[in-house]
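A.B. asks: I have a structure here, written as structure tokens, and I will follow up with some questions on it.
The values are calculated or read from the model by the stated rules, or taken from the named source; none is laboratory data. All figures in this text were calculated on a predicted structure; none of them were measured in a lab. Note: ideal-geometry Cβ built from the backbone for every residue, glycine included; neighbour counts use all protein chains shown. To get the accessible areas, we keep the full protein, side chains included, count just its heavy atoms, and leave off ligands, DNA and RNA. Shrake-Rupley method; radii C 1.70, N 1.55, O 1.52, S 1.80 Å.
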Amino acid sequence: MEEHKLVAERERAHLAQQIVDNPLWDETKKMITDTLIETWQSTVPKQIEEREQIWNMLNAANTVFEQIETVIVTGSLAERQLEKENQNGRSTT
């Protein structure tokens, strides 16, 4: 991957890490997840549409949470690649 792309991935990871390191991140994740699960559990099986909507909202929330984590992992891999290329004394640009 080109060096500027690796640097951009590293910077995105830094921003994502700032989100995850913020105490509000865990609080918000827990609140959203707990609220959706509790709401889903309070429905009856006949409330098919409501249950499906809540389930979809929970899945969407988890997709957002996972995306933030993916950005961090991708940035970490980019950082390793940059370090490796710097150790080899070469650039990808």
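A.B. asks: Looking only at region 33-60, filter to residues that are acidic (Asp, Glu) and out of contact with any Ser or Thr (no Cβ under 9 Å at 6 or more places or on another chain); which one of those is most open to solvent (accessible area, probe 1.4 Å)? Full working, then the answer.
C.D. replies: As a first pass, look at region 33-60 and keep what is acidic (Asp, Glu): 34, 38, 49-50, 52.
Checking the rest, the ones that are also out of contact with any Ser or Thr (no Cβ under 9 Å at 6 or more places or on another chain) come to 34, 38, 49, 52.
Working: Asp34: 52, Glu38: 117, Glu49: 153, Glu52: 98 Å².
Restricting to residues being acidic (Asp, Glu) and out of contact with any Ser or Thr (no Cβ under 9 Å at 6 or more places or on another chain), the top hit is Glu49.
A.B. asks: Then there is this: Yes or no: region 8-28 includes at least one residue that is under 20 Å from Trp55 (Cα atoms), open to solvent by less than 100 Å² (accessible area, probe 1.4 Å) and of a type in the set (S, T, N, Q).
C.D. replies: yes
A.B. asks: Quick test of your reading of the structure: Glu79 fulfils all but one of (1) surrounded by 15 or more Cβ atoms within 10 Å (Cβ to Cβ); (2) without any contact (Cβ under 8 Å) to a residue 60 or more places away in the chain; (3) charged (D, E, K, R). Name the failing condition by number.
C.D. replies: (2)
A.B. asks: Related question: Could you please let me know if Val44 is aliphatic (A, V, I, L, M) and under 14 Å from the mean Cα position of the chain (by Cα)?
C.D. replies: It is false that Val44 is aliphatic (A, V, I, L, M) and under 14 Å from the mean Cα position of the chain (by Cα).
A.B. asks: Spot the failing condition for Gly89; the list is (1) surrounded by 10 or more Cβ atoms within 10 Å (Cβ to Cβ); (2) over 16 Å from Ala13 (Cα atoms), and only one is missed.
C.D. replies: (1)
A.B. asks: For Thr74, indicate whether it is outside any loop (DSSP other than H, G, I, E, B), open to solvent by 60 Å² or more (accessible area, probe 1.4 Å) and β-branched (Val, Ile, Thr).
C.D. replies: The answer is no for Thr74.
A.B. asks: Being of a type in the set (Val, Ile, Thr) and not in a helix (DSSP H, G or I) is the filter here; which residues of region 42-71 pass it?
C.D. replies: Thr43, Val44
A.B. asks: Consider only pairs whose beta carbons are under 8 Å apart and that are at least six residues apart or on different chains; among these, list those whose first residue lies in region 34-52 and is free of Cβ contacts under 8 Å to residues at least 12 places away in the same chain and whose second residue is surrounded by fewer than 10 Cβ atoms within 10 Å (Cβ to Cβ).
C.D. replies: Matching pairs, first to second residue: Arg51/Pro45.
A.B. asks: To continue, here is another question. Is it true that Ala13 is out of contact with any strand residue (DSSP E or B) (no Cβ under 9 Å at 6 or more places or on another chain), closer than 22 Å to Val71 by Cα, without any contact (Cβ under 8 Å) to a residue 40 or more places away in the chain and in a helix (DSSP H, G or I)?
C.D. replies: Values: out of contact with any strand residue (DSSP E or B) (no Cβ under 9 Å at 6 or more places or on another chain): yes; closer than 22 Å to Val71 by Cα: yes; without any contact (Cβ under 8 Å) to a residue 40 or more places away in the chain: no; in a helix (DSSP H, G or I): yes.
Taking the combined requirement at face value, the residue does not satisfy it.
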